[in-house]
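Below is one structure, written out as structure tokens; the observations come after it.
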Amino acid sequence: MDTNKPCPPIVDFSRSPFLVLWELTRACALACQHCRAKAMRQRNPEELSEIECTKLLEDLKAFGRPLLVLTGGDPIQRPDAFNIIQEACHQGFTVAMTPSATPSVTRDVIAKLKDSGLTRLAISIDGPDAETHDAFRRVAGSFTWSKSILNWAREFGLPIQINTTMCRHNLECFASIAEFVEHEQAVLWSVFFLVTVGRARPELQITADQAEALLRRMAQLTVTAPFDVKSTAAPQFRRILIEQFTNIEESTNKLTAPCKSKCDSGSSVGQAVMSKLNPKLHLGSLRSYQSVNDGKGLLFISHTGDVQPSGFLPISAGNIREESVVSIYRDNVLFKSLRDPSLLKGKCGSCRYRVVCGGSRARAYGESGDYLNQDNLCSFQDLKSNPRR
Ligand code: SF4
């Protein structure tokens, strides 16, 4: 794998997201224990039409060309998913998809996805074996089907991403899942930290100390693994990386220096610190991320057109049927407040890492009802807290 890939260009997150997650449908044949979407069997008749999808792609171009991830439910449940991929690629977007591993995803479907222009296929693996994975997905045979999909993706040269939600049930499987990811020749392992929305129950959640230990193991993996490693809903991974792989004193000085401008949400500070990380670490584009977080470089569009800061933060800031997605992202008070680290509360508000991390806003909302509250899945307590910018 090329570890000297050029970093993605700097994006002004007050103007454009880096990543757009688009829930094409909520229909899905699975019934996973942690499903944020509470996916259902049937498609919602109120889903965006193909014409509305094409119009949305036109509107999204005003952001430049953010990375587009088609998700669900199971996005493949929409028969026009291939047309949407083709149109998005025609418009110049880079498109990834997260289908559910069901018999709907056949070898022919994978070939068609590749022909349509898809650049990456993300498959969820929540255990290293059928017993662990299928119990979580609540459908027997899901693991076997996932393996078939991964085989076909390799056959057709479609790069693979593996997504794993770490919960109590699979915490002990970290090393064996990492081996699985390597064996499947995935280019990226995205480790999801549970947010208790949708069907996800608090009993599944790990503790803050367990999360800390897990993030440290992930950081070590970025040194040794042949694939990139990223966290989802755990921006504190950046804190761990800075602590482990930079001159912590120099980084802290940068992080606590007075911010010259509030308009970039501290992006340049985060960029300066993250750029100190060794380019040989398998971080993918994470190194150059300007602290992507809910509503800050990240945008979610629901199957009915609601615009949210992320899939795990289910507050609608408006609907694309009534308002431009561009003005919602740039001007809505919800999005603007999520991009202002000076508004953070609790220990995140007084933490030196609030600009490069800021904690999961979705988890803060899920647990307290206040999206600006502290992220309780972080065990860090900044005892040398610094003046707010
Ligand atoms: S306290 Fe909040 S901002 Fe600081 S590292 Fe933890 S999650 Fe991030």
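The values are calculated or read from the model by the stated rules, or taken from the named source; none is laboratory data. Because the structure is predicted, anything quoted here is derived from the model rather than measured. Virtual Cβ from ideal backbone geometry, glycine too; neighbours counted across all protein chains shown.
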So residue 345 ticks every box in (1) surrounded by fewer than 19 Cβ atoms within 10 Å (Cβ to Cβ); (2) within 20 Å of residue 206 (Cβ to Cβ) but one. Which box is left unticked? (2)
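Would a scan of segment 235-248 turn up a residue that is part of a loop (DSSP other than H, G, I, E, B) and modelled with pLDDT under 90?
Kept after step one, since they are part of a loop (DSSP other than H, G, I, E, B), are these residues of segment 235-248: 235-236, 246-247.
Okay, now just the ones that are also modelled with pLDDT under 90, so 246-247.
Checking segment 235-248: at least one residue is part of a loop (DSSP other than H, G, I, E, B) and modelled with pLDDT under 90.
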May I ask you to say which residue of 153, 111, 135, 130 is out of contact with any His (no Cβ under 6 Å at 6 or more places or on another chain) and either in contact (Cβ under 8 Å) with a residue 60 or more places away in the chain or crowded, with 23+ Cβ neighbours inside 10 Å (or both)? 153
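Assess whether residue 186 counts as being at positive phi, surrounded by 16 or more Cβ atoms within 10 Å (Cβ to Cβ) and in contact with a strand residue (DSSP E or B) (Cβ under 9 Å, 6 or more places away or on another chain). Write out each step before concluding.
On the way: at positive phi: no; surrounded by 16 or more Cβ atoms within 10 Å (Cβ to Cβ): yes; in contact with a strand residue (DSSP E or B) (Cβ under 9 Å, 6 or more places away or on another chain): yes.
When the stated conditions are applied, residue 186 does not pass them.
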Which condition number in (1) part of a helix (DSSP H, G or I); (2) of a type outside the set (S, T, N, Q); (3) at pLDDT 95 or above is the one that residue 269 fails? (3)
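Would you check if there is a residue in segment 131-145 being under 21 Å from the mean Cα position of the chain (by Cα), part of a loop (DSSP other than H, G, I, E, B) and of a type outside the set (D, E, K, R)? Reasoning before the result, please.
Keep residues of segment 131-145 that are under 21 Å from the mean Cα position of the chain (by Cα), which gives 133, 136-137.
If we keep only those that are part of a loop (DSSP other than H, G, I, E, B) as well, we get none.
The answer is no, given that none of the residues of segment 131-145 is under 21 Å from the mean Cα position of the chain (by Cα), part of a loop (DSSP other than H, G, I, E, B) and of a type outside the set (D, E, K, R).
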Pairs returned, first residue in segment 369-383 that is within 20 Å of residue 336 (Cβ to Cβ), second residue that is assigned to a loop (DSSP other than H, G, I, E, B) and more than 8 Å from the ligand (Cβ to nearest atom), beta-carbon separation under 6 angstrom, 6 or more apart or interchain, are 372/345; 373/345
Report every pair of residues separated by at least 6 positions or lying on different chains whose Cβ atoms are under 7 Å apart, first residue within segment 239-258 and within 12 Å of the ligand (Cβ to nearest atom), second of a type in the set (Gly, Ala, Ser). 240/219; 241/219; 242/251
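Which one of these is without any contact (Cβ under 8 Å) to a residue 12 or more places away in the chain and either within 14 Å of the ligand (Cβ to nearest atom) or of a type in the set (Gly, Ala, Ser) (or both): 200, 234, 213? Break it down into steps so the answer makes sense when it comes.
Values: 200 fails: without any contact (Cβ under 8 Å) to a residue 12 or more places away in the chain; 234 fails: without any contact (Cβ under 8 Å) to a residue 12 or more places away in the chain.
Matching residue, one of 200, 234, 213: 213.
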First in segment 48-66 and among the charged types (D, E, K, R), second anywhere and at pLDDT 95 or above and assigned to a helix (DSSP H, G or I), Cβ under 9 Å, 6 or more apart: 50/83; 50/84; 50/87; 59/325; 59/326
Criterion (touching a Lys or Arg at 6+ places or on another chain (Cβ under 9 Å) and within 28 Å of residue 80 (Cβ to Cβ)) met by exactly one of 124, 104, 142, 116: 124
